[in-house]
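What follows is one structure encoded as structure tokens, with my remarks underneath.
The values are calculated or read from the model by the stated rules, or taken from the named source; none is laboratory data. Just so it is clear, the structure is predicted and the values come from calculations on it, not from any experiment. Because the Cβ atoms are built from the backbone with ideal geometry, glycine has one as well, and the counts that use them run over all protein chains shown. When the accessible area is computed, the model is the full protein with side chains, heavy atoms only, and any ligands, DNA or RNA have been set aside. Shrake-Rupley method; radii C 1.70, N 1.55, O 1.52, S 1.80 Å.
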Amino acid sequence: MAMTMTQKILAHHAGMENVCAGQLISAKLDIVLGNDITTPVAINEFNKAGFSEVFDKDKIAIVLDHFVPNKDIKAAEQSKKCREFSCSHCISHFYDVGKMGIEHALLPEQGVVTAGDCIIGADSHTCTYGALGAFSTGVGSTDMAAGMATGMAWFRVPSAIKINLTGKLSKNCSGKDVILTLIGKIGVDGALYRSMEFTGEGVKTLSMDDRLCICNMTVEAGAKNGIFPVDDITREYLKNRCERTPVEYTADEDAVYDEVIEINLSEIVPTVSCPHLPENTHPAAELSHIKIDQVVIGSCTNGRMEDMEAAYNVLKGKKVATGVRCIIIPATMEIYRECIVRGYTTAFVDAGAVVSTPTCGPCLGGYMGILAAGERCIATTNRNFVGRMGHTESEVYLASPQTAATSAISGYITAPEEGE
Amino acid sequence: MQTKGKVFKYPDNVDTDVIIPARYLNTSDAAELSKHCMEDIDAEFVNKLSSGDVIVAGWNFGCGSSREHAPLVIKTSGVGCVIAKSFARIFYRNAINIGLPILECEQAAEEICAGDEVSVDFDTGVITNITTNKTYQAQPFPEFIQNIIKSGGLLASLK
């Protein structure tokens, strides 16, 4: 029976010839991931259930990224717990301050995840690695604990929506505008329980950073996973990076999809999600009356090198508007270092922005940019729920790095110009 | 497994950030976390709640972050069951894994009002609105999932 790309990966990891949508399976895991918020809960469950050994010390990744360098004593205790667990179980992929990055930027960069993998992570944005041609999905801490103990997880095999990409993005747009447009089209539960499989001629025009950003936010449409086919861009990205051999899967030509959505990349415009749902999208050009107090450029969605480059190209030689706080957060230490080497950091500081070491901090209202009542932020992050970045009466507008940086200069939501 | 209590009603797309805001996630202590259950959507929730009460909501309940703290605070604060038109997938999974009773039932979620007295039989999926004297049949779980629940959660089912 014909299978989607996701179904093929799941079938292989379940040791089965075939699977079909709706089937419940138990699959072998290549990587089990957790962070400093979700891992402590998983450790509690792991210990409470009486497990003493992890299934494979090389297949577990623990990344301290949400509240590090630790924002307070309680957060420090949580990190300490992760550190001690990682040390006592000799976890190979443990990332602490100085080495860490935001997990979903870090794991692909460091070659911890690769094409063909079956991955669970106790973080909803684990779906990011679909960009590499992996099946990757977010779970909770108990699933993480079970995964660490057994190397297995149960799944209901998802059906899929096919997203057929054609055309090519204009210079003032990026992967962020694509995924925001798509979420605006299908809604925050438009892909609930399902895969979003990207395909078509347009795929080859998207960089790996664009694909990672697109897959990252498929969860904001309710999807179980997002996935891209493996092509030369993927192979080039994985080369000399990945420790394990990538495995390439392709969807059967006659695979069945619940629906097919056509996206012409040439028609995408700079897009902003207004409060308080990611589906509440509007062209950035229609929002120029909205005054902002803060700009955040970073996160697992948009803290990668191309995002920093986009921000640099807008901010170099310019000044952040008076009354606007602009916070830039490279997502990993490698990106942080590269920003210094390329002179981006100097340009950001000269423009009046601040540059932080990697952290999820402001995206989830943890620290490093919390909003007061009535304040507005344009952010390259992924959620704009009530109170997401601070006070319940504050507002978050989601946008691309180019749109966010352009807005930082004007002090109002501003679409980047074509060719800028 | 049964519960009986009054209804707290919420709209579509209740996200895990309003169920348990991230500013409190610097601890994994369930009792401490549950003091802030539903704080950003209903600041009075924990003061008004009695053990066994029921949350009724619209589509996509529990969307957003994968934080298991969300179903955990709902369970720890004494909620007997969550009824929704649909659940976001990670929340759905987490609720099963930690043993928070949840039921999908579009009609019940549509018709039951805030403050109604309801009883829920989690094993049969029968929801009874005592206030209006109307019953609803929720979707039963697949057997595979029922076994996880009967074992007392995912980790217990692995033993």
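Taking the stretch A:80-139 and the strands (runs of 3 or more DSSP E) fully enclosed by it, the elements with 1 or more residues that are within 14 Å of chain B (Cβ to nearest Cβ) and under 15 Å from the mean Cα position of the chain (by Cα) are at A:118-121, A:135-138. The criterion of at least 3 residues that are closer than 24 Å to A:Asp307 by Cα is met by the following strands (runs of 3 or more DSSP E) wholly inside the stretch A:143-234: A:160-166, A:195-199, A:225-227.
Within the stretch A:1-38, the residues that satisfy the criterion of being surrounded by 23 or more Cβ atoms within 10 Å (Cβ to Cβ) and polar (S, T, N, Q) are A:Thr4, A:Thr6, A:Gln7, A:Asn35, A:Thr38.
Can you tell me how many residues within the stretch A:55-73 are assigned to a loop (DSSP other than H, G, I, E, B) and among the basic types (Lys, Arg)?
Going through the stretch A:55-73 one residue at a time, the tally reaches 1.
Screening A:Asn384 on (1) within 12 Å of chain B (Cβ to nearest Cβ); (2) closer than 21 Å to A:Met100 by Cβ shows it passes everything except condition (2).
Among the residues making up the stretch A:140-167, a single one is at the interface with chain B (Cβ under 7 Å from one of its Cβ atoms), among the β-branched types (Val, Ile, Thr) and buried (at least 24 other Cβ atoms within 10 Å of the Cβ): A:Thr142.
Each residue in the stretch A:60-73 was checked for being open to solvent by 10 Å² or more (accessible area, probe 1.4 Å) and within 22 Å of the chain's Cα centre (by Cα), and 3 pass.
If the condition is being within 14 Å of chain B (Cβ to nearest Cβ), among the aliphatic types (A, V, I, L, M) and under 14 Å from the mean Cα position of the chain (by Cα), then the stretch A:182-237 contributes A:Met217, A:Val219, A:Ala221, A:Ala223. If you filter the stretch B:13-23 down to residues that are within 24 Å of A:Val41 (Cα to Cα) and facing chain A (nearest Cβ under 9 Å), you find that the one that is surrounded by the fewest Cβ atoms within 10 Å (Cβ to Cβ) is B:Arg23. The set of residues in the stretch A:387-411 that are away from chain B (no Cβ under 13 Å) and open to solvent by 10 Å² or more (accessible area, probe 1.4 Å) comprises A:Glu395, A:Tyr397, A:Gln402, A:Thr406, A:Ile409, A:Ser410.
Looking at the structure I just gave you, is A:Glu248 outside any loop (DSSP other than H, G, I, E, B) and either aromatic (Phe, Trp, Tyr) or more than 21 Å from the chain's Cα centre (by Cα) (or both)? Answer is no for this residue.
Checked against (1) assigned to a helix (DSSP H, G or I); (2) of a type in the set (A, V, I, L, M, F, W, C); (3) open to solvent by less than 10 Å² (accessible area, probe 1.4 Å), A:Ala76 passes all but condition (3). Every listed requirement among (1) assigned to a helix (DSSP H, G or I); (2) open to solvent by 10 Å² or more (accessible area, probe 1.4 Å); (3) among the hydroxyl-bearing types (Ser, Thr, Tyr) is met by A:Ser52 save one, (1). Kindly evaluate A:Cys242 against the criterion of being open to solvent by less than 20 Å² (accessible area, probe 1.4 Å) and not in a strand (DSSP E or B). Criteria not met by A:Cys242.
Beta carbons closer than 6 Å, at least 6 apart along the sequence or on distinct chains, pair a first residue in the stretch B:142-159 that is at the interface with another protein chain (Cβ under 9 Å from one of its Cβ atoms) with a second that is crowded, with 16+ Cβ neighbours inside 10 Å and part of a loop (DSSP other than H, G, I, E, B) for B:Gly153/B:Gly99; B:Leu155/A:Ala49. Taking the stretch B:50-159 and the helices (runs of 4 or more DSSP H) fully enclosed by it, the elements with 2 or more residues that are closer than 30 Å to A:Phe55 by Cα and either open to solvent by 60 Å² or more (accessible area, probe 1.4 Å) or modelled with pLDDT of 95 or more (or both) are at B:69-76, B:89-98, B:143-151.
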